Every structure is written in structure tokens, then in C-alpha cells.
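Novice: Sharing a structure, written as C-alpha cells. Questions coming.
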Amino acid sequence: MAIRITEECINCGVCEPECPNGAIYKGGDEWRFSDKTNVKGTVLLKDGGTLDADAAQPTLSPSIYYIVPEKCTECTGFHDEPQCSLVCPVDCCIQDEERAESKEELILKKEMLHAG
Ligand code: SF4
Ligand code: SF4
């Protein structure tokens, strides 16, 4: 499952450069599928919708750092454990229980983000 950042976040920014998928953004910033990934063109979402990989998407948090669930793989294929959880000084990067994903799904997601 994806990792999420709780309201305990102190906006230190330590987690952001550690993410291999560019899934972590500063509060208020827009996000893109193509940031730090090889994703190009049209992205098919789990809910059947689509997004342009290079198009800026609205922020998911106005004030604290946030993780884009569609880009979080729990660091699968890069590290043995979620790097954001490892480095966060206040332990506010936690499992998002509402977004359960199997290991196989996480591997497919990693391959989608870094194909080519
Ligand atoms: S668990 Fe890994 S992939 Fe997910 S947001 Fe944290 S650093 Fe990025
Ligand atoms: S490391 Fe933790 S406290 Fe710092 S910005 Fe990331 S989530 Fe927030």
C-alpha cells in the first residue's frame, strides 16, 4: 500500500529527495507523473480515468508535504523499506490502510513508472 504523511509533518523536507519515484511534494506544489519517472503520454488510472504524464496536477495538500499515492511503491525495486518512513524525524510517514496493494501490484507500478 502507499505511504501517507500525517498532520504531524513539520515540513523539514528531508523525505522529498529520498523518494525514487518523485512521489513526495511540498504542500501547495503541483505534481506530475513525469517528475523523476519515465512516464510519458497518457496514463491510465486504476479508476479508469486518464492523465497526461506531463500535465501539472493540483496539490493534494495546501500546507504540509504530501505523497501522490499513484506514484508511491513503498520503494519497491529500489530499497527494502520505505525511505520516507526511514528518514522522517517525527515518524509521520505511515502506511495508508485505505490503499492496500499486493507486492505484485507494487512491482507492476514500479515497472510502469520506470519503463524504458
Ligand atoms: S515509500 Fe518510497 S516510493 Fe513511497 S513516497 Fe516514500 S520514498 Fe517515495
Ligand atoms: S521528513 Fe517527515 S516531517 Fe519532514 S517533510 Fe517529510 S514527512 Fe514532513
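Novice: Here are G41, G28: which of them is more than 9 Å from ligand 1 (Cβ to nearest atom), exposed (fewer than 15 other Cβ atoms within 10 Å of the Cβ) and farther than 20 Å from C15 by Cβ?
Specialist: On the way: G28 fails: farther than 20 Å from C15 by Cβ.
Being more than 9 Å from ligand 1 (Cβ to nearest atom), exposed (fewer than 15 other Cβ atoms within 10 Å of the Cβ) and farther than 20 Å from C15 by Cβ holds for just one of G41, G28, which is G41.
Novice: Y66 fails exactly one of the following numbered conditions: (1) within 12 Å of ligand 1 (Cβ to nearest atom); (2) under 18 Å from V43 (Cβ atoms). What is the number of that condition?
Specialist: Against the list (1) within 12 Å of ligand 1 (Cβ to nearest atom); (2) under 18 Å from V43 (Cβ atoms), Y66 comes up short only on (2).
Novice: Let me ask another. List the number of the failed condition for T76; all other conditions in (1) in contact with a helix residue (DSSP H, G or I) (Cβ under 8 Å, 6 or more places away or on another chain); (2) open to solvent by less than 40 Å² (accessible area, probe 1.4 Å); (3) touching a residue at least 40 places away in the same chain (Cβ under 8 Å) hold.
Specialist: Condition (3) is where T76 drops out.
Novice: D47 passes all but one of (1) surrounded by 12 or more Cβ atoms within 10 Å (Cβ to Cβ); (2) among the acidic types (D, E); (3) modelled with pLDDT under 95; which number fails?
Specialist: For D47, the failing item is (1).
Novice: State all residues of the range 82-116 that are outside any helix (DSSP H, G or I) and near ligand 1 (Cβ under 8 Å from one of its atoms); if no residue qualifies, say none.
Specialist: P82, C93
Novice: Just checking, how many residues over the range 58-69 are more than 14 Å from ligand 2 (Cβ to nearest atom) and touching a residue at least 60 places away in the same chain (Cβ under 8 Å)?
Specialist: 1
Novice: For the range 1-24, give me each residue that is touching a strand residue (DSSP E or B) at 6+ places or on another chain (Cβ under 7 Å), within 11 Å of ligand 1 (Cβ to nearest atom) and open to solvent by 20 Å² or more (accessible area, probe 1.4 Å).
Specialist: Matches in the range 1-24: M1, R4, I5, E16.
Novice: With respect to the numbered conditions (1) more than 12 Å from the chain's Cα centre (by Cα); (2) surrounded by 13 or more Cβ atoms within 10 Å (Cβ to Cβ); (3) of a type in the set (V, I, T), which one is the sole condition not fulfilled by V90?
Specialist: If we test V90 against (1) more than 12 Å from the chain's Cα centre (by Cα); (2) surrounded by 13 or more Cβ atoms within 10 Å (Cβ to Cβ); (3) of a type in the set (V, I, T), just (2) comes out false.
Novice: Check the range 106-116 and report whether any residue there is away from ligand 2 (no atom under 16 Å from the Cβ), on the phi > 0 side of the Ramachandran plot and in contact (Cβ under 8 Å) with a residue 60 or more places away in the chain.
Specialist: Keep residues of the range 106-116 that are away from ligand 2 (no atom under 16 Å from the Cβ), which gives 106-116.
Okay, now just the ones that are also on the phi > 0 side of the Ramachandran plot, so 116.
Okay, now just the ones that are also in contact (Cβ under 8 Å) with a residue 60 or more places away in the chain, so 116.
Yes.
Novice: If you don't mind, there's one more thing I want to ask. For Y25, indicate whether it is free of Cβ contacts under 8 Å to residues at least 60 places away in the same chain and of a type in the set (F, W, Y).
Specialist: Spelling it out, Y25 is indeed free of Cβ contacts under 8 Å to residues at least 60 places away in the same chain and of a type in the set (F, W, Y).
The values are calculated or read from the model by the stated rules, or taken from the named source; none is laboratory data. Values in this document were obtained by computation on a predicted structure and should not be read as measured data. All Cβ positions, glycine included, derive from the backbone under ideal geometry; neighbour counts span all protein chains shown. Just the protein is used for accessible areas: all its heavy atoms, side chains included, with ligands, DNA and RNA removed. Shrake-Rupley method; radii C 1.70, N 1.55, O 1.52, S 1.80 Å.
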